[in-house]
Each structure stands twice: as C-alpha cells, then as structure tokens.
1. Give the residue, chosen from Glu74, Glu28, Glu19, that is of a type in the set (Asp, Glu) and over 20 Å from Lys216 (Cα atoms).
2. Which of the residues that make up region 1-33 are buried (at least 19 other Cβ atoms within 10 Å of the Cβ), under 18 Å from the mean Cα position of the chain (by Cα) and not in a helix (DSSP H, G or I)?
3. Can you name every residue in region 139-161 that is outside any strand (DSSP E or B), hydrophobic (A, V, I, L, M, F, W, C) and surrounded by 19 or more Cβ atoms within 10 Å (Cβ to Cβ)?
4. Out of Ala30, Ala71, I need the residue that is touching a residue at least 40 places away in the same chain (Cβ under 8 Å) and in contact with an Asp or Glu (Cβ under 9 Å, 6 or more places away or on another chain). Which one?
5. Which residues, taken from region 34-60, are crowded, with 20+ Cβ neighbours inside 10 Å and part of a loop (DSSP other than H, G, I, E, B)?
6. For region 191-237, how many residues meet the condition of being surrounded by fewer than 16 Cβ atoms within 10 Å (Cβ to Cβ), in contact (Cβ under 8 Å) with a residue 40 or more places away in the chain and over 19 Å from Lys84 (Cα atoms)?
7. Could you pull out the residue among Leu57, Leu4, Leu86, Leu45 that is more than 15 Å from Met116 (Cβ to Cβ) and modelled with pLDDT of 90 or more?
8. Among the residues of region 162-171, count how many are in contact (Cβ under 8 Å) with a residue 24 or more places away in the chain and assigned to a loop (DSSP other than H, G, I, E, B).
Amino acid sequence: MIKLGIAGVCGKMGRRILELAALDRDLEVALALEKKGTPLIGKELGKLKVSSNLDGLFLVDVLVDFTLPEAVDEHLDYVAKYRKALVLGTTGLSDAQKNKIEEIAKIVPIIFSPNMSIGVNVLFSILPEIANNLGPDYNVEIVEAHHKAKKDAPSGTAKKIAEIIAQTTKKNIPTHSIRLGDIFGDHTIVFCGNSERIEIKHQAHSRDLFAVGALKAAKWISQKPAGLYSMQDVLKG
C-alpha cells in the first residue's frame, strides 16, 4: 500500500485526486494538506482531517502537489527533510524554483511535469518526428485555451510543446493564450506550409485525466531512487 499526501486537497484538482485515490486499492491517502488560513483546516474530508502541518509528511511515501508557485519552495524543503517522493504538477514556476527542483532531486525522487495527462505526454513524444519530417518550410504556432481563473499564460503545457518543437526546428515558436469560461485545457499545434496546414489538437474533457496521470506517477515513483523524472519516464516504465 502506497501512502499519499495531497497538497491543495481542497482545490478542484486536489479534491478529485483524493476521490480517485480512495477507489484505488494500491493507494491510501494519509495526509490532506492545505495552506494556513483555509477555512477547512481541522475539518474532516473523507476519513482525514485537513491539515496545514507539513511535518505530517513523515506519514506518507509520496506527496502529490498541484498547488501554486508560492507554495512549492516550502514543499520542496519538506520532502527533502523527510526524504519523501514528490509528484509535482504545479505550473508557472520561476527559473530559480526549477533550479531548486533539480537540486532537491539529488536527494529525493521527483516527477515534474507541466501536464500529467497520458495523451499529452504521448503528444510530446511524437512532436519531434513530425517537426523534423515536415522540415524548415513549415511554420509552427501554438494556441492554448484555459479557464478564466488560470493565472499563468502561456500554460506550462504550451511552453513544453514550444520547447520540444524549438529543439527540432531551431526556431522560436509563437504561442497564443486564451482565458475564457471553464475550459479545462485545449492545446492546438498548427504546422503550416505554402499549400497545406496540419493541426494537432488535444482537448481535456475533465480534470480526471490529470488526476489519473498523477496517481499513475505516484505509484511509479514510490520505489524509485533520487532523481528528476518526467511523465515520459512513467510511460516508458
């Protein structure tokens, strides 16, 4: 049985991860974390009381974190302190925070991915071949859309797509962001030549695909040595 801690458990993603983990016989949620001042601190959520005490990490094997950039530094400090694995899906991180992730990954195993969706990560793997085969005569742009409450733009997924294609084409990849309504997440990559256009689109229909991917990642990393991993590693494994 793998024991999970969930950071941001009262948020939409955290709550769904909690609900799906409760249905998995291989997982037990042992720690439900929220930031200090959250009204639900001390209240029961399922079989657990919501806590803001990160020292509770001694109870878990893996911490799953889909919170905000301002919480990540402290979470990294505590997984290092207690030598716990981390599945990190928070986006909008600074370069300094990304450097800190690399340093902490020398101590504990970390999966860091801008998108835990299995479909998106398959997309990541095929984009270099597509860009390479189309060649330099095709221009590429990305359009991404998310709900109006999403703070970072472009999304972490769009940045990753642009980075992957740029490594192949050696070109800067323009990205356009839309923030409307309750869109879970749409990403469209447009390859355009003089006489044709290819569009590759991924649409998220619910948060479940991110939660399912995060739980798959948590199972995979629970017995791994220290190191920085991605969802690509999880899929290959």
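1. On the way: Glu28 fails: over 20 Å from Lys216 (Cα atoms); Glu19 fails: over 20 Å from Lys216 (Cα atoms).
Testing whether each residue is of a type in the set (Asp, Glu) and over 20 Å from Lys216 (Cα atoms) leaves just Glu74.
2. Answer for region 1-33, where residues must be buried (at least 19 other Cβ atoms within 10 Å of the Cβ), under 18 Å from the mean Cα position of the chain (by Cα) and not in a helix (DSSP H, G or I): Leu4, Gly5, Ile6, Ala7, Gly8, Val9, Cys10, Leu33.
3. From region 139-161, those outside any strand (DSSP E or B) are 147-161; that's our starting set.
The next check asks that each one be hydrophobic (A, V, I, L, M, F, W, C); those that pass are 149, 153, 158, 161.
Passing the criteria: Ala158, Ile161.
4. Values: Ala30 fails: touching a residue at least 40 places away in the same chain (Cβ under 8 Å).
Criteria check complete, one pass: Ala71.
5. Within region 34-60, Glu34, Val60 meet the criteria.
6. The qualifying residues number 7.
7. Numbers: Leu4 fails: more than 15 Å from Met116 (Cβ to Cβ); Leu86 fails: more than 15 Å from Met116 (Cβ to Cβ); Leu45 fails: modelled with pLDDT of 90 or more.
Only one candidate passes the filter, namely Leu57.
8. Of the residues in region 162-171, the ones in contact (Cβ under 8 Å) with a residue 24 or more places away in the chain are 164-165, 167-169, 171.
Restricting the remaining residues to those that are assigned to a loop (DSSP other than H, G, I, E, B) gives 171.
Adding up the residues that qualify gives 1.
The values are calculated or read from the model by the stated rules, or taken from the named source; none is laboratory data. If you're wondering where the values come from, they're calculated on a predicted model, not measured in any experiment. Positions of Cβ are generated from backbone atoms using ideal geometry, with glycine treated the same way; all protein chains shown enter the neighbour counts.
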